[in-house]
């Protein structure tokens, strides 16, 4: 018990003295997660809209598949990205293995299903009459689509925040393709995993607290958005 | 060719005919009401005119030009119209942005939009809500936003689908006033659907009755309400007494019609032995305790079966061999002490009776 208490005190000290290593790890985590969420949003919101606004054969099946991948294990994505970008892999020539960049790519793949799926769900939640209303007011197909996405903006924003949460909290992928290299690809989750196994509870706790704090901020933002809706 | 003209317009949904060979002509500047029971196809018809759906068969002409299948030309024509849907839906934006949307889509400059929107918000008395999210408004206010949004773009054709159907009486009256003002102030062609016959009568120049996907009758309000073409129209326009009979004589269009053993005289062209239905509006039946010595041709004796008061009126049914519903003022009902079981006389003028063929 005393060990935990001491650990907590030291952890808080690490945070409030802005320990360079802790800050570097936290900052990298946030940077990687924000980058992957932004890139995934730029791809998935339009793709989700395309799926929603077009009727084609197999649409339901496609949506089911996307939804199945919501909970794809991070290590599976890690394995896939590893095979793709390792030296012998088809994209091995890019030589980006064990860099933050490949971590971003991995996270983009990881959160794409959630972002696409929840975009579709958000758009489906928009009253159908709104589409008729927009068209009857003289909106072109494109203008109608933009208006509908605007209507679903809170749902889409919630999807983005949820995706960010999944990106920043995953560990399997970051360890497998990032390699947990100190000062380079070490992020909050991989550092906690390593330090705990090394017995450095204080550092783990400090990083854990930061991670929970980020989760709290994200959750708070999401609640605010849902309240506005 | 009329401003809006449909030729043999047909539409099917899941194999069922929603509209059948609808031919309708609406002149420029006219206010035309489509009346008919729920499910008659009124909304579908308006959706076809606004090109939100494509007709299965037939053609639509707007100002003499046939509506084509190309999305571009349909958008062009649609931008000259406005459609207020039955269920008022607003965008999850401010009242101002809701009204401005259509103008933005047409690429108008910001200051022009501002001027127009503010003008229209004043017309619909929503200036004070300009910045409020439209979703927080009441049903009546939302419908006013919908109407403001529609007229903001200065449409040549205004389509209204049951504009006051889902509203409380006060809001409905307000919406009707607003529409009536718009019709008077703008050189606009209006095609509206309503199941409220009286609203149709108040607002429209001409009325078309749509029953089961077919236009059964078109005419001015008086024609449709006093001379319905068939039993369905008669029922819809409130002819509560529709009694089957047979013409037994007809001299110079003054016919004697045998109805359940009694003879009713009416003005009609139907000849002897023709099967007909006699239509009498309840307000055209005068009730008295003694036989009236008037020029009215039809005096029917019977017993009151029930009475029902509502507001200043009293509705009652007289059994005179067939049921005859009459509408009298509460005052006269009370003066005569009209009640169940009382023997009375129902008097109907021959000219007040409308005769339709029975198939």
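What follows draws every value from the coordinates through simple rules; no lab data is involved. Computed from a predicted model, the values in this text were never measured in an experiment. FYI the Cβ positions are ideal-geometry reconstructions off the backbone, even for glycines, and counts take in every protein chain you see.
For region B:128-174, report the translational diffusion coefficient in µm²/s to the nearest whole number, using Stokes-Einstein at 10 °C, 1.306 mPa s, and a Kirkwood Rh over Cα pairs.
Result for D is 136 µm²/s.
Averaged over peptide B:100-106, how many Cβ atoms belonging to another chain are found within 10 Å of each residue's Cβ?
Numbers: counts 0, 8, 6, 2, 4, 10, 4.
Average neighbour count from other chains, rounded to a whole number: 5.
Taking Cα atoms of region B:226-284, Rg/Rh with Kirkwood Rh, to two decimals? Don't jump to the answer; show the numbers that get you there.
Working: Rg = 11.2 Å, Rh = 11.7 Å.
On the Cα set of region B:226-284, Rg over Rh gives 0.96.
Relative contact order (percent) for chain A, with alpha-carbon contacts under 8 angstrom and 6 or more residues of separation?
Relative CO of chain A lands at 32 percent.
Within 10 Å of each Cβ in B:82-92, how many Cβ atoms from other chains are there, averaged over the peptide?
Details: counts 3, 6, 2, 5, 1, 4, 2, 10, 3, 10, 10.
The per-residue average across the peptide is 5.
Dividing the alpha-carbon radius of gyration of region B:7-68 by 2.2 N^0.38 Å (N being the number of residues), what value is obtained?
Dividing the Cα radius of gyration by 2.2 N^0.38 Å gives 1.10.
With N set to the number of residues, divide the alpha-carbon radius of gyration of region B:239-357 by 2.2 N^0.38 Å and report two decimals.
Numbers: Rg = 14.3 Å, N = 119, 2.2 N^0.38 = 13.5 Å.
Against the compact-globule rule of thumb, the ratio is 1.05.
Can you bin region B:85-221 into rounded, prolate or oblate? Criterion: square roots of the alpha carbon gyration tensor eigenvalues sorted a ≥ b ≥ c, rounded for a/c under 1.5, prolate for a/b above b/c, oblate for the rest.
Note, shape of region B:85-221 comes out prolate.
Enumerate the whole-percent occupancy of each 5 Å bin, from 0 to the last occupied one, for all C-alpha pair distances of region B:16-160.
Using 5 Å bins, I get a P(r) of 2, 9, 17, 19, 18, 15, 11, 6, 2, 0 for region B:16-160.
Among B:179, B:248, B:35, which one shows the biggest mean-square fluctuation in a GNM of chain B, springs joining Cα atoms closer than 10 Å?
It is B:248.
Work out how far the C-alpha atoms of region A:2-228 reach from end to end along every principal axis, then list the three figures in whole Å, largest first.
Result for region A:2-228: principal-axis Cα extents of 67, 46, 24 Å.
Using a Gaussian network model on chain A with a 10 Å cutoff between Cα atoms, which of A:69, A:18, A:164 fluctuates the most?
For chain A, modelled as a Gaussian network with Cα springs under 10 Å, the answer is A:18.
Viscosity 1.306 mPa s, temperature 10 °C: give me the Stokes-Einstein translational D for region B:39-109 in µm²/s, with Rh taken as the Kirkwood radius over C-alpha pairs.
Details: Rh = 14.1 Å.
Translational D for this selection: 113 µm²/s.
Beyond 17 Å, what share of the Cα-Cα pairs of region B:291-359 remains, rounded to the nearest whole percent?
Roughly 47 percent, once rounded to a whole number.
Once you've got the GNM for chain A with C-alpha springs shorter than 10 Å, pick whichever of A:48, A:183, A:117 has the biggest mean-square fluctuation.
The residue that fluctuates most here is A:183.
Expressed as an acute angle from 0 to 90° and rounded to the nearest 10, what is the orientation of the C-alpha long axis of helix A:141-151 relative to the principal long axis of chain A?
Result, in degrees: 50.
For chain B, what does the helix formula give at 222 nm: sum of -39500 (n - 2.57) over DSSP H segments with n ≥ 4, over the residue count, nearest 500 deg cm²/dmol?
-8000 deg cm²/dmol
Could you work out the equivalent-ellipsoid semi-axes for region A:1-82, taking the square root of 5 times each eigenvalue of the Cα gyration tensor, largest first, in whole Å?
42, 16, 12
Relative contact order (percent) for chain B, with alpha-carbon contacts under 8 angstrom and 6 or more residues of separation?
Relative contact order, chain B: 15 percent.
Along each of its three principal axes, how wide is the spread of alpha-carbon positions in the protein assembly as shown, in whole angstrom units, largest first?
For the protein assembly as shown, the Cα extents along the three principal axes come out at 115, 57, 47 Å.
What is the calculated FRET efficiency for residue B:235 to residue A:70, with r their C-beta to C-beta distance and R₀ = 60 Å, to the nearest 0.05?
About 0.60, to the nearest 0.05.
So what is the diffusion coefficient of chain B in µm² per second by Stokes-Einstein at 25 °C and 0.890 mPa s, using a Kirkwood Rh over Cα pairs?
Working: Rh = 23.0 Å.
After rounding, the answer is 107 µm²/s.
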